[in-house]
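Below: one structure, written as structure tokens.
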Amino acid sequence: MAGILQGKVAIITGAGMGLGQASALAFAREGAKVVAADIDSENGQKTVDMVKKTGGEAIFVKTDVSKEKDVEALVKKTVDTYGGLDCAHNNVGVEELPEPFTEGTEETFDRLVAIDLKGIWLCLKHEIRYMEKHGGGAIVNTSSIAGLIGAPLQGIYTACKWGVNGLTLSAAGDYGKAGIRVNAVCPAGMAGTGFYNRMLAVQPGMAEAVKEMMPLGRDAQPAEVAEAAVWLCSEKASYITGITMPVDGGFTIT
């Protein structure tokens, strides 16, 4: 049976590990040709190798999403290699380790804005530029529950994720008539990811406290969040655009 993305071409940023890697594997399983983008060449290529071992098709493109020339080159390489671009999961992001609002630094602010916000904007800009001229497509941005309710001691990260949701809504509204759907997934903690492990290292006991608050009582697996991105990029979600979907075990309702 053909997958729900059979014959599609998908860009996945931040594909070297965590959610991005899980997303690359899930998109490939559903029949998409995957372009795995990451600033980390070693881990990005490992993801491509994993996709190929499962019978999928993928290439790696080294990309710093904070640099427009890299993002423009990523889209060009995708089109040159596979003949088009149908969907994208703009996933790359970095965290702000918890600290009092008044202790934040300009270095942290500039780094997070460059990657977590500007990076999403640049990816949207160049993906939409192609899709608008070639019949449309579907894009999913990785936001966070921080972009829905805020994250304690992470004011900069929270601001970036609210910004991602704003970009998502604006792009969805502006380009719906061009056949381009734009949505966001908003995860809570994802077990085993470097991001989450670093958070736990500086906040002992946080994992159990968060699980206690979650109606489902556990962290997500990256693959579970990836499934939401795959579905939103498929025709099964053909009438859905402009949503910021919590994939959080019910955390936001608490």
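The residue that is surrounded by the fewest Cβ atoms within 10 Å (Cβ to Cβ), counting only those in the range 63-78 that are touching a residue at least 60 places away in the same chain (Cβ under 8 Å) and either β-branched (Val, Ile, Thr) or more than 27 Å from Leu112 (Cβ to Cβ) (or both), is Val75.
Among helices (runs of 4 or more DSSP H) lying entirely in the range 1-109, which contain 2 or more residues that are of a type in the set (Ser, Thr, Tyr)?
On the way: elements: 18-29, 41-53, 68-82.
Output list reads 41-53, 68-82.
Counting just the residues of the range 130-139 that are in a helix (DSSP H, G or I) and in contact with a helix residue (DSSP H, G or I) (Cβ under 8 Å, 6 or more places away or on another chain), which one comes out surrounded by the fewest Cβ atoms within 10 Å (Cβ to Cβ)? Taking the candidates together, the pick is Glu132. Every condition in (1) under 16 Å from Val140 (Cα atoms); (2) among the β-branched types (Val, Ile, Thr); (3) touching a Phe, Trp or Tyr at 6+ places or on another chain (Cβ under 6 Å) is met by Val48 except one, and the failing one is (1). Beta carbons closer than 9 Å, at least 6 apart along the sequence or on distinct chains, pair a first residue in the range 16-27 that is over 19 Å from Glu95 (Cα atoms) with a second that is polar (S, T, N, Q) and assigned to a helix (DSSP H, G or I) for Ala24/Thr47; Leu25/Thr47. Against the conditions (1) in contact with a Ser or Thr (Cβ under 8 Å, 6 or more places away or on another chain); (2) at pLDDT 90 or above; (3) part of a loop (DSSP other than H, G, I, E, B); (4) aliphatic (A, V, I, L, M), Ala184 satisfies every one except (3). For Lys133, indicate whether it is more than 28 Å from Thr254 (Cβ to Cβ) and in contact (Cβ under 8 Å) with a residue 12 or more places away in the chain. Taking the combined requirement at face value, the residue does not satisfy it.
Based on what the data block shows, is Ile145 in contact with a strand residue (DSSP E or B) (Cβ under 7 Å, 6 or more places away or on another chain) and surrounded by fewer than 24 Cβ atoms within 10 Å (Cβ to Cβ)?
Working: in contact with a strand residue (DSSP E or B) (Cβ under 7 Å, 6 or more places away or on another chain): yes; surrounded by fewer than 24 Cβ atoms within 10 Å (Cβ to Cβ): yes.
Here the answer is yes, as Ile145 does meet what is asked.
Kindly indicate which of Ala191, Ala178, Ala201 is at pLDDT 95 or above and of a type outside the set (Ser, Thr, Tyr). Explain how you work it out, then say what you get.
On the way: Ala191 fails: at pLDDT 95 or above; Ala201 fails: at pLDDT 95 or above.
Result of the check over Ala191, Ala178, Ala201: Ala178.
Residues in the range 83-95 that are in contact with a strand residue (DSSP E or B) (Cβ under 8 Å, 6 or more places away or on another chain) and surrounded by fewer than 19 Cβ atoms within 10 Å (Cβ to Cβ): Gly83, Gly84. Gly18 meets all of the listed conditions (1) surrounded by fewer than 20 Cβ atoms within 10 Å (Cβ to Cβ); (2) at positive phi but one, namely (1). Checked against (1) under 12 Å from Leu117 (Cα atoms); (2) touching an Asp or Glu at 6+ places or on another chain (Cβ under 8 Å), Ala159 passes all but a single condition, namely (2). Against the numbered list (1) at pLDDT 95 or above; (2) closer than 25 Å to Asp248 by Cα, Glu99 comes up short only at (1). Can you find a residue that is of a type in the set (Val, Ile, Thr), touching a strand residue (DSSP E or B) at 6+ places or on another chain (Cβ under 7 Å), buried (at least 16 other Cβ atoms within 10 Å of the Cβ) and within 24 Å of Leu232 (Cβ to Cβ) anywhere in the range 96-117? No, the range 96-117 contains no residue that is of a type in the set (Val, Ile, Thr), touching a strand residue (DSSP E or B) at 6+ places or on another chain (Cβ under 7 Å), buried (at least 16 other Cβ atoms within 10 Å of the Cβ) and within 24 Å of Leu232 (Cβ to Cβ).
Tell me whether the range 35-52 contains one or more residues that are among the small types (Gly, Ala, Ser), crowded, with 24+ Cβ neighbours inside 10 Å and closer than 22 Å to Val247 by Cβ. I'd like the intermediate steps shown before the answer.
Step one: list which residues in the range 35-52 are among the small types (Gly, Ala, Ser), which gives 36-37, 41, 44.
So of that shortlist, the ones also crowded, with 24+ Cβ neighbours inside 10 Å come out as 36-37, 44.
If we keep only those that are closer than 22 Å to Val247 by Cβ as well, we get 36-37.
Yes, some residue in the range 35-52 is among the small types (Gly, Ala, Ser), crowded, with 24+ Cβ neighbours inside 10 Å and closer than 22 Å to Val247 by Cβ.
On the stretch given as the range 216-254, residues that are outside any loop (DSSP other than H, G, I, E, B) and free of Cβ contacts under 8 Å to residues at least 40 places away in the same chain total 3.
The values are calculated or read from the model by the stated rules, or taken from the named source; none is laboratory data. Remember, predicted model here, so these are calculated numbers, not experimental data. Cβ coordinates were reconstructed from backbone atoms using ideal geometry, including for glycine residues, and neighbour counts include every protein chain displayed.
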